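This report refers to the structure that appears directly beneath it.
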Amino acid sequence: MYALSVQNLKKIYGNKLTALKGINLEVEEGDFFALLGPNGAGKSTTIGILCSLVNKTSGKVFVFDYDIDTDLEAAKSCIGVVPQELNFNPFEKVQDILTNQAGYYGIPKNVAVPRAEYYLKKLGIWDKRSQPAVRLSGGMKRRLMIARALINEPKLLILDEPTAGVDIELRYELWEFLTELNQKGTTIILTTHYLEEAERLCKNVAIIDHGEIIEHSNIKSLINRLNVQTLILDLRAPAHSLSNSKFHFRMLDELTMEVEVLRDMSINALINELTEQGLVVSSMRNKTNRLEELFVRLIAENKKSEAQIL
Amino acid sequence: MNTEHFKTVVAFRTVLRKEITRFLRIWSQTLFPPVITMTLYFIIFGKLIGTQINKIDGYTYMQYIVPGLVMMSIMTNSYANTAGSFFGAKFSKSIEEMLVSSMPSYVILFGYMCGGALRGLSVGVIVVFISLFFTEIHIQHLGIVILMAVLSALLFSLGGLINAIFAKNFDDISFIPTFVLTPLTYLGGVFYSIKQLPPQWQAISILNPILNMVDTFRFGMLGVSDLNIYFGFSLVCVLYICLLIWCLILLKKGVGLRT
Ligand SMILES: Nc1ncnc2c1ncn2[C@@H]1O[C@H](COP(=O)(O)OP(=O)(O)O)[C@@H](O)[C@H]1O
Ligand SMILES: [Mg+2]
């Protein structure tokens, strides 16, 4: 059984704007799944359809085998969602937001109150429980939405850019928290801009662009497929070029060199060549993280193939 | 009680409790203003002007306007409650909390509808109390009074909900009350008996549903009426069922709520 199965899902906003062009997605039970894509790709639209905030134009969605067309309530009771934008009543008290949300799911007060306490403590906002939500800081508001999404103990947790605009410390805390949750058996789907986040947390990934899935696979095998990496080298002394190099390179400035290393070449070969030409490298790093590199290339290819169609 | 049934009851109680808490918390905007306006109505129309007016159907003018003012309060407050609260939830997007939950849409409807009706009825009771400072009322048919009060509260509560569903900004939830409901209420026999009108205006007035409701309610309180109370009663029932079905369809489809 899949935690989520999406078949030929289409969404056209207001008869004009095609946000999803018929996507297929499968997320296994227990997976930590990343849905990646540039702004406007259709990530939030997809999530909106899953939790019935957006009406789909056509296609099928199954959540733990419940068809959202025929078993909507059962499907929804499996899902917890953390939306991209704040969507609580800012004047409601933190604790009431949680217990009311539990109530909507049919969870009685005697269960909801201790559960709210557990998640508020877990997410570090317990001492704010009697405050109206508007008084929380940005990071706390996001944690509140995560606590709220967990109040029905969902089997599938969906987070739409949960770490956007969140400081580094909280991001690390959230990563740890989500990893723990996933290890305890919750299936997690995450959309994100931070590819590092996907690389660290997720097992499988789909890349969406212009309403189409352009990649749907295991994150490790995806990264292995990357046949080139770009390195940035900081040089000890100014240089102008490498003569007759088999490496593709360019100088960013006198002291910084960008080199592309293909998969069948080794870094040793590069170092050897640099040493032969008398260049001393003081430090070296990847230009971007590898997933990001792949991502940028895939999106660029997609653009090219689209241009050809047009 | 099976689990699904139990969950539905819990969900309904949650929405209803939230609605009641809301109008009690902001009582100075919900329960208190009618106290002021109705006291003014009783003083000005009842005492100052009313004493110069002949009895209508054997009642003093003060007594005659009490049922209409009670009904007017119930209707406007029920409507304002759901319109304001539901549109507020749309505006802050907290409506999404309900939409993503496993609660069926009819539970949202019943929760808001009952919450709004309860505010209307609370204000109705308050207005009855205020009227007792000014005059004596002996309720003639308590059953009819309660039935009409509850049905009208539910009807206008639903009306407010539908208004909020379609509303895109705060102006949209004041348009209908200002330009439709208030005129119909003032022309709805709250302050006069339509027998005082020329025949052609009487004929037109009968088409005003609020007039029929006020008239039937007045029959319950005072035992006098201008129109057929069975018609008034049936009208509320039919209107209520129509709005209920309409509202269920709107919520099910997600009109104004889902993109
Ligand atoms: N409510 C809406 N009405 C019309 N167009 C929308 C709406 N929401 C999103 N879109 C459009 O649909 C496309 C996909 O948006 P979205 O799903 O929010 O992308 P992402 O979350 O990947 O950034 C964009 O072109 C966006 O402008
Ligand atoms: Mg988005």
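The values are calculated or read from the model by the stated rules, or taken from the named source; none is laboratory data. Because the structure is a prediction, the values reported are computed rather than measured. Virtual Cβ from ideal backbone geometry, glycine too; neighbours counted across all protein chains shown. The area values use the complete protein model at the heavy-atom level, side chains included, leaving out ligands, DNA and RNA. Shrake-Rupley method; radii C 1.70, N 1.55, O 1.52, S 1.80 Å.
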Checklist entry - Given H placed on each backbone N at 1.01 Å, which residues far from residue A:4 in sequence or on other chains put an amide H within less than 5 Å of it? => result A:27, A:64
Checklist entry - For chain A, with the dipole built from +1 on Lys and Arg beta-carbon atoms and -1 on Asp and Glu ones, taken about the Cα centre, which of A:27, A:166, A:237 lies farthest toward the positive end? => result A:166
Item to check | Two-site FRET efficiency, residue A:269 against residue A:303, from Cβ-Cβ distance with R₀ of 41 Å, rounded to 0.05 | outcome: 0.80
Checklist entry - Looking only at other chains, what is the average number of their beta-carbon atoms within 10 angstrom of each beta-carbon in B:100-109? => result 6
Checklist entry - Round to a whole number: what % of the accessible area of chain B belongs to carbon and sulfur, probe 1.4 Å? => result 71
Next on the checklist: If you restrict to DSSP beta bridges whose two residues both lie in the protein assembly as shown, what percentage is antiparallel, to the nearest 5?
Outcome noted: 70
Checklist outcome for this item: On protein heavy atoms with a 1.4 Å probe, the accessible surface that disappears when A meets B, both sides summed and given to 100 Å², is 2400
Item to check | Accessible area of the protein assembly as shown divided out per residue, in Å², using a probe of 1.4 angstrom | outcome: 47
Checklist entry - For the range A:42-79, which residues drop by 30 square angstrom or more in accessible area between the chain on its own and all protein chains together (1.4 Å probe)? => result A:52, A:53, A:55, A:73, A:76
Checklist entry - In percent, what relative contact order does chain B have, based on Cα pairs under 8 Å that are 6 or more apart in sequence? => result 24
Checklist outcome for this item: Check: C-alpha center the range A:211-289 vs C-alpha center the range A:23-37, spacing in Å is 31
Checklist entry - In whole Å, what is the distance between the alpha-carbon centres of the range B:84-113 and the range A:125-143? => result 22
